[in-house]
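Student: Below: one structure in structure tokens.
What follows draws every value from the coordinates through simple rules; no lab data is involved. Worth saying up front: this structure is predicted, and the values here are computed from it rather than measured. Cβ sites come from the backbone with ideal geometry, for glycine too, and all protein chains shown count toward neighbours.
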Amino acid sequence: MDRTILGCSGVAVRFGGVQALADIHFEALRGDITAIIGPNGAGKTTLLNVISGMVTPSHGALRFEGRDITTLPAHKRAWGGMVRTFQNLEIFSNMTVLENVTMGCHGRLSLPAWHSLLRTPKSRRLEAEVRREAFEALEFVGMADLAQATAKDLAFGKQRLLELARALAAKPKLLLLDEPAAGLNIAETQLLADLILRIRDTYNLSVILVEHDMELVMRISDAILVLCFGQTISRGTPAQVQKDPKVIAAYLGGDED
Amino acid sequence: MDPSSLLQYLITGLTLGSTYGLTALGFTIIFNTTGVINFAQGEFVMLGGMMSVYFMHALGLGEPAAVILAVLGATMAGALVERLAIRPVRDCPAINLVIITIGVSILIRGLAMLLWGKDTHALEPFSGYQPIMFLGAAIMPQAIWVLAISLFLLGALKLFFSGTIHGKAMLACSYDPKAASLVGIGVQRMVLLSFMISALVGAVGGVILAPITMTSYDVGIMLGLKGFAACILGGLGNPFGAAAGGVILGVLESLGAGFVSSAYKDALAFVILLILLFVKPSGLFGLKDSKRV
Amino acid sequence: MIWLAAFFGVLMLAPTLLPNNYYLTILILGCLHAMNAVGLCLLVGHAGQISLGHAGFYGLGAYTTSYLSATVGLSVGLSMLAGVGLTVVVAVLVGLPSLKLKGHYLAMATLGFGIILSILFTETVDITGGPSGFVGIPRLTLFGWELRKDVTLFRLVALVLCLFVWLSFNLLHSRVGRALRALHTSERAAEAMGVDIANYKLLVFVLSAAFSGFAGVLYAHYLTFIAPSSFGFMFSVELIVMVVLGGMVSVPGAIVGAFFVTVLPEFLRAFENVEVLLFGAILVLCMMFLPDGMAGGWRRLLDWGKARLSGASHG
């Protein structure tokens, strides 16, 4: 059985006159933690946006679990088991922590709207189930005690955990993390690394993460994709990528031509 | 379909369309400087006509003086609207601004109704009633005034925006208010100026059209909406498009009224508006990417 | 829910407290307006959209049922059903393309739609009776039982209003309500969580249109006479005023706003021309200073008063 969970072939993105991504080919394997790295402006977040459905590629195709999803709308990708977090936190600030996490269940545990309208027994049972699962996710990240706090009142680090818990509540098959360590200190990043590994093992999912923090990336990734100016410059295991002269040049700056 | 009828409808359409164009221009100027759609734009057009009537009848002024005073008065109204209703809430979400400008529009209309009653009033044509015969069509001299003044105003505005420092400053504000203020442009003053110019342009439109179509306290809403439709038709943000859109709309409406049915002529503008919004919000000559997906 | 039951109880008792039938009329109209306002509140306050043409749905329901029951001769019940049904269908057709638009584009689209309907009501004289209105609409008759007494009709109207409020509360406290609040805060995140934004916007739009259509249907059979002037742009604006006064997000607020706007003309009898001006002023001032409506303003006034008092006692 093909171990690929997500495949990109020939993906290109043009924003007006700017070629943000050109001819990207890569495959993320099931169960792997695949990192996408590269200097600033490399197109990492754009690629993640293409994968999650927020940006339509101008060329190329995307396959998720063998199915072509190139033009599938973002919310349907979530239904299919692909969930993401955001670089600039997009929590629902006016809702409580618990409510935020229950939103994660929205795609998975659903009923036609008329159930909600009439408050049928089925809808009440669903609500109870959603609450249970949300609590589970909160407990996993260690925030169950903050369930009733308002999201915008949380400390930054906790808000990041909240976004993670929300994504976990969706029980995704593929978790997309957009710079999850941004703004965290060394200790918090260590905890995050452990958490991501735990998540992958416990929830049995695959992870694609975009990151700047090299220690985190080298520590937990099974595969790395290196982008620079919208193009792939290297692919492989952390060990391979670390030694690749093209990668070193991209980060440290090669000789001026 | 005889040629002289067609010509007649065309002239009527051009005349009406000029007012739509001027109203649309008002929308465009404010939108370009602030990104706000001023629903009250049509009321400035109404104020032009109604204030002229008031100054003539109540204060006994001659028509030229009354008209000039009315346009000045409407310009002041524009400044007041900006100062009192828009400036305090510039950073509100779009929906709030929409409701506020609607509120302003109704407020102005209510004031007009209170002060001047609900009657329709006529303004004297600028150079008499005698129609000029041209290729079998009867053209009112006022229509020529309308076209001439509209073209003049259009030219003056073009000169203002591309030739003077204030005009260029206003354009700068539309592209990037932060950058504009960094280079020393008083963005708030530009916004105020944009409202005043829009009000002036609208009022002139109202004044020149009033002798032909009469005026009353509630002409503002229809004119405003059709002006907006013209804006969308020509591409929101494009002054040339606004003027062109106005003329096209006016001609279509006139032809529709003449050849199909005059009862539904108002509906035509809105049907066009809806079709445009659904299919091609950037209009015919859309420059900016004004559609937010 | 207790509040809703209490509200319902109050409404049921109200007619006995009123001196004469005239006040009953106001009560009925207030409830009908409230039905409109509740739906619009869901759309504006919770789904974050705007509709400047909702009077069109009110009129569509009213005219459809009038035409079918008076001209075509269908039973009142069937006509009413058709009235609401047609409103729903039109709402879907209009909503699908419109809700893709944002901000002022959406406002204009709904406004244009409302005015087109208004013109249709006025010009299709054969169907609607034109500007002078539609007379001879049969009174409300359910299952062969004609509601002759106004009080009975009022009780029905009040019941329907409470039903709409119940439905609204259910919706807002459900996963749908949560999704609406989510997409209000961050559409991207909501989408990433699997919220079908377009679908929910359409759902609320159609629901609010259905509320208005139903109100229109009741309105027609209550008054037995309808005219296009009741369903024009001004009424759409009045509906927005009701919602704004109520604080945009509050369903009970929308009801209070509705009654306020219904009762206001009665107090302004002597100053008929001030009404329009007042609505404009209310819209502007409320949006600028009272974003959470009368209730919010009242609360803030009380807080300010309390602060002054405690300041004085500590001073």
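Student: How big is the antiparallel share of DSSP beta bridges in chain A, given as a percent to the nearest 5?
Tutor: Roughly 55 percent of the beta bridges in chain A run antiparallel, per DSSP.
Student: Could you work out the relative contact order of region A:94-170? I mean the mean sequence separation of Cα pairs under 8 Å and 6+ apart, divided by the number of residues, in percent.
Tutor: 54
Student: Turning to a different aspect of this structure: Taking θ = phi - 60°, what integer Hz values does the Karplus form 6.51 cos²θ - 1.76 cosθ + 1.60 yield along region B:97-104, in sequence order, with x for Gly and Pro?
Tutor: Result, ordered by residue: 5, 4, 5, 5, 5, 5, x, 4 Hz.
Student: What is the average number of partner chain Cβ atoms found within 10 Å of a Cβ in A:99-106?
Tutor: Partner Cβ neighbours, averaged per residue: 5.
Student: Express in whole angstrom the spacing between the alpha-carbon centres of region A:25-71 and region B:174-208.
Tutor: Cα centroid to Cα centroid, the span is 44 Å.
Student: For region B:17-219, take N as its residue count and report Rg(C-alpha) divided by 2.2 N^0.38 Å.
Tutor: Ratio of Rg to 2.2 N^0.38 Å for region B:17-219: 1.07.
Student: I would also like to ask the following. Where does the protein assembly as shown land on Rg/Rh, using Cα atoms and the Kirkwood Rh?
Tutor: 1.02
Student: Percent relative contact order of region C:2-278, based on C-alpha pairs within less than 8 angstrom and at least six residues apart?
Tutor: It rounds to 37 percent for region C:2-278.
Student: Here is a follow-up. Report the Cα-based extents of chain C along its three principal axes, largest first, to the nearest Å.
Tutor: Answer, in whole Å and largest first: 73, 54, 39 Å.
Student: Then there's this: Work out the P(r) tail for region B:119-171: percent of alpha carbon pairs separated by more than 15 Å, whole number.
Tutor: Result: 65 percent of Cα pairs exceed 15 Å.
Student: Tally Lys/Arg at +1 and Asp/Glu at -1 over every other residue whose Cβ is under 10 Å from the Cβ of A:Pro180; what's the total?
Tutor: Result for the local shell: -4.
Student: May I ask you to evaluate 6.51 cos²θ - 1.76 cosθ + 1.60, the Karplus curve with θ = phi - 60°, for each residue of region C:202-213 and list the ³J(HN,Hα) values in order in whole Hz, giving x for glycine and proline?
Tutor: Rounded to whole hertz, the list is 5, 4, 5, 4, 5, 4, 5, 5, 5, 4, 5, x.
Student: Right, next: Mind listing the long-range amide H neighbours of A:Leu209? Cut-off is under 5 Å, sequence gap 5 or more, other chains count too, H placed in the peptide plane at 1.01 Å from N.
Tutor: Amide H neighbours of A:Leu209: A:Thr34, A:Ala35, A:Ile36, A:Leu177.
Student: Once you compute Rg and the Kirkwood Rh from C-alpha atoms, what is the Rg to Rh ratio for region A:178-257?
Tutor: Taking Rg over the Kirkwood Rh, I get 1.01.
Student: Taking N as the number of residues in chain A, what is its Cα Rg relative to 2.2 N^0.38 Å?
Tutor: 1.05
Student: Could I ask something else about it? Mind jotting down the distance between the C-alpha centroids of region C:116-193 and region B:73-124, whole Å?
Tutor: Centre-to-centre (Cα) distance: 31 Å.
Student: To continue, here is another question. Taking every pair of alpha-carbon atoms in region B:195-244, what share in percent sits in each 10 Å bin, from 0 to the bin with the longest distance?
Tutor: 24, 53, 23
Student: For A:Leu227, enumerate residues with amide H under 5 Å from its amide H, sequence gap 5+ or separate chain, H modeled in the peptide plane.
Tutor: A:Ile37, A:Gly38, A:Ile233
Student: Among the listed pairs B:Lys226/C:Lys102; A:Lys122/A:Lys158; A:Lys44/A:Lys246; A:Lys44/A:Lys171; A:Lys44/C:Lys100; A:Lys171/C:Lys201, give every one whose C-alpha distance is greater than 22 Å.
Tutor: Cα-Cα > 22 Å for A:Lys122/A:Lys158; A:Lys44/A:Lys171; A:Lys44/C:Lys100; A:Lys171/C:Lys201; rest within.
Student: A further question on this structure: Spelling out what I want: for every residue of region C:50-60, take phi, set θ = phi - 60°, compute 6.51 cos²θ - 1.76 cosθ + 1.60 (Karplus), and round to whole Hz; glycine and proline get x.
Tutor: 9, 9, 9, x, 5, 4, x, 5, 4, x, 4
Student: Using the Kirkwood radius built from alpha carbon pairs, what does the Stokes-Einstein equation give as D for region B:170-278 at 10 °C and 1.306 mPa s, in µm² per second?
Tutor: Taking Rh from Cα pairs, D becomes 101 µm²/s.
Student: Still on this structure: Add -39500 (n - 2.57) for each DSSP H run of 4 or more in the protein assembly as shown, then divide by its residues: what number comes out at 222 nm, to the nearest 500 deg cm²/dmol?
Tutor: Taken over the protein assembly as shown, the calculation gives -21000 deg cm²/dmol.
Student: Would you mind calculating the relative contact order of chain B from Cα pairs under 8 angstrom and at least 6 residues apart, reporting the percent as a whole number?
Tutor: Once normalised by length, the contact order is 36 percent.
Student: Separate question: Restricting to the protein assembly as shown, what percent of DSSP beta bridges are antiparallel, rounded to 5?
Tutor: Approximately 65 percent, going by the DSSP bridge assignments.
Student: Could you list which residues have their amide H under 5 Å from that of B:Met214, counting only those 5 or more apart in sequence or on another chain, with H placed in the peptide plane?
Tutor: B:Leu123
Student: Next question, about the same structure. Considering every residue in A:118-131, what mean count of other chain Cβ atoms within 10 Å of its Cβ is obtained?
Tutor: Averaged over the peptide's residues, the number is 2.
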